[in-house]
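Take a look at the structure set out below.
The values are calculated or read from the model by the stated rules, or taken from the named source; none is laboratory data. Predicted, not measured: the structure shown is a model, and the values here were computed from it. So basically every Cβ, Gly included, is an ideal-geometry build from the backbone, and we count neighbours across all protein chains shown.
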Amino acid sequence: MIHSLPLRRLVAGALAVAVLAGACSERGEREARKGQAAEQEGGSESGPATEESGPGGATPTGPAGSGTSTQGTGGGPGSSSGGDGTGAGGGTSPAGPPQPARPPGWRVIAKGPLEGRHSHSVVWTGKEMIVWGGAGRAGNAAIYLEDGAAYDPAADRWRKLPGSPLGPRADHVAAWTGTEMLVWGGNPGKPTAFGNNEFIDGAAYDPATDKWRPMAKFPLSARFSARAVWTGRVLVVWGGARAEDGEDAPPLADGAAYDPARDRWSVLPDSPLAGRLSPLAAAVDGGALISWGFNGEPGQSLDGARFDPGPSTWTPVAPVPPTQTGWCFDLAGCVGIDIGSRVVFAGEGLVYDTNADRWAVVARSPFADPFLDGKALAWTGSRVVLWGGGRYRGEVDAPPREVARDPAGVAYDPVADRWAPLPPAPIASRARTRAVWTGAEFVVWGGEGTENERTQHADGAAWTP
């Protein structure tokens, strides 16, 4: 909801730091970040890609089952959102049945039963990539969707999901628990006198029974601009603000954790952090890292903390270095990937060393850019793969003015701190698409074309390193 959030106005910060001042607008954070990107146009690139490879090349080589899947809303290992992300973060992708041997390179995947869309969610179950929700377009207006389908890459075949108990939505959280796909929150949400709160309901889908169940009721107030992360055991939701609190709604510092095994939410203890909107988040050692975000004027909160669900305690962590933006609004990059001793936010251009409690900036690349919105992202076990993304003019709900091309995708080696381009894909470039890593392939599906094309894509492709 984490991903597309209501805000009211844009404020250009000093020292080239773009700051969003905040609260509620029915347009959502999507429009705020489009306006932000428009203000930064021409100055938000982080430099040319470093295309030399590290030892043995810079393409993903993780063994089957060792990687994790993400959504571009934001998604972290084993989940998606944007949306990743849209993304919730979390544990290792299940290995599933052996994948058929395929030659290196791209292939077009089978056509599925879903209409074209963007800002949907994807998760990898170990056997299938499940796609659910998202939005199409009528002109510039978003048309929210509530259907889904599952893709089996071994058989190159789709199946339709049954109807869910949830209403249409996009930019929601999705996470794979090991037995169920959790779907929670999203837009357009519920209107108030001052704008929209995002949805705070959810449901779980079990592919073994092909059935949905509603999730327990969220115990806190409705809000927008919170962040969620799947820790491997619980879904942690924290922060945001209430639309009904008006123009400068004070950021919230509360949160709750959902345990799918018990279908129960628990309110989190007080954290050492002041309230904020749209922070970075990641699953770390079974807990949740929360850092950065927007907290009123002058805009950036750089401090962070880790929540451990076991003893239910918080521990402060080192602050993030000052960045171009006041908070995270690229759905794929907002939820980091825990690679062991470090947490990688490749799309944001940041990495956190958990042992040294220290943040660093990654090597420059056009894809290590928070203004390239809607990148598909997945972790292979050795590389972070990013594909697609777009830049926006700032019009309400408009498609991107341009999308990432030449290359449309890259692989980041966090050990060598190097980037390498992917070969050209057999599908059109696009933004707000989503991807998973199956243990053998990087599979991307959906997304939207530029404002000139007005295309809502219903196709996909898979890349074997």
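With the condition kept exactly as written, say whether any residue in the stretch 330-338 is under 24 Å from residue 384 (Cβ atoms) and more than 15 Å from the chain's Cα centre (by Cα).
Taking the stretch 330-338 as the starting set, the residues that turn out to be under 24 Å from residue 384 (Cβ atoms) are 330-338.
Now narrow it down to the ones that are more than 15 Å from the chain's Cα centre (by Cα): none.
Scanning the stretch 330-338, I find no residue that is under 24 Å from residue 384 (Cβ atoms) and more than 15 Å from the chain's Cα centre (by Cα), so the answer is no.
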Condition check: assigned to a loop (DSSP other than H, G, I, E, B) and farther than 21 Å from residue 355 by Cα. Does residue 340 satisfy that? no
Hey, residue 372 under 19 Å from the mean Cα position of the chain (by Cα), within 19 Å of residue 405 (Cα to Cα) and at pLDDT 95 or above or not: no
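Take the conditions at pLDDT below 55, surrounded by fewer than 24 Cβ atoms within 10 Å (Cβ to Cβ) and within 23 Å of the chain's Cα centre (by Cα) and apply them to residue 87. Does it pass?
no
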Matching residues in the stretch 263-285 (more than 30 Å from residue 213 (Cβ to Cβ) and either outside any loop (DSSP other than H, G, I, E, B) or aromatic (Phe, Trp, Tyr) (or both)) number 2
Filter the stretch 179-203 for residues that are surrounded by fewer than 22 Cβ atoms within 10 Å (Cβ to Cβ) and small (Gly, Ala, Ser); the one that is nearest to residue 118 (Cα to Cα) is 203
When every residue in the stretch 303-332 that is in a loop (DSSP other than H, G, I, E, B) and β-branched (Val, Ile, Thr) is compared, the one surrounded by the most Cβ atoms within 10 Å (Cβ to Cβ) is 320
When the stretch 443-461 is checked residue by residue, the ones that are under 19 Å from residue 372 (Cβ atoms), of a type outside the set (Ser, Thr, Tyr) and either touching a Pro at 6+ places or on another chain (Cβ under 7 Å) or at pLDDT below 95 (or both) are 448, 449, 451, 452, 453
Conditions (1) part of a loop (DSSP other than H, G, I, E, B); (2) hydrophobic (A, V, I, L, M, F, W, C); (3) over 25 Å from residue 434 (Cα atoms) -> residue 359 fails only (1)
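Tell me, which strands (runs of 3 or more DSSP E) lie completely within the stretch 95-157 with 3 or more residues that are under 23 Å from the mean Cα position of the chain (by Cα)?
121-124, 129-132, 135-138, 141-144, 148-152
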Being under 24 Å from residue 336 (Cβ atoms), in contact with a Leu (Cβ under 8 Å, 6 or more places away or on another chain) and either of a type in the set (Gly, Ala, Ser) or part of a strand (DSSP E or B) (or both), is that true of even one residue in the stretch 216-224? yes
Q | Residue check for residue 311: at pLDDT below 95 and more than 22 Å from the chain's Cα centre (by Cα) | A | yes
Among residues of the stretch 121-171 being touching a Ser or Thr at 6+ places or on another chain (Cβ under 6 Å) and not small (Gly, Ala, Ser), the residue surrounded by the fewest Cβ atoms within 10 Å (Cβ to Cβ) is 153
Expected output for the stretch 236-262 (first residue within 17 Å of residue 180 (Cβ to Cβ), partner modelled with pLDDT under 95, Cβ below 7 Å, 6+ apart or cross-chain) is 257/309
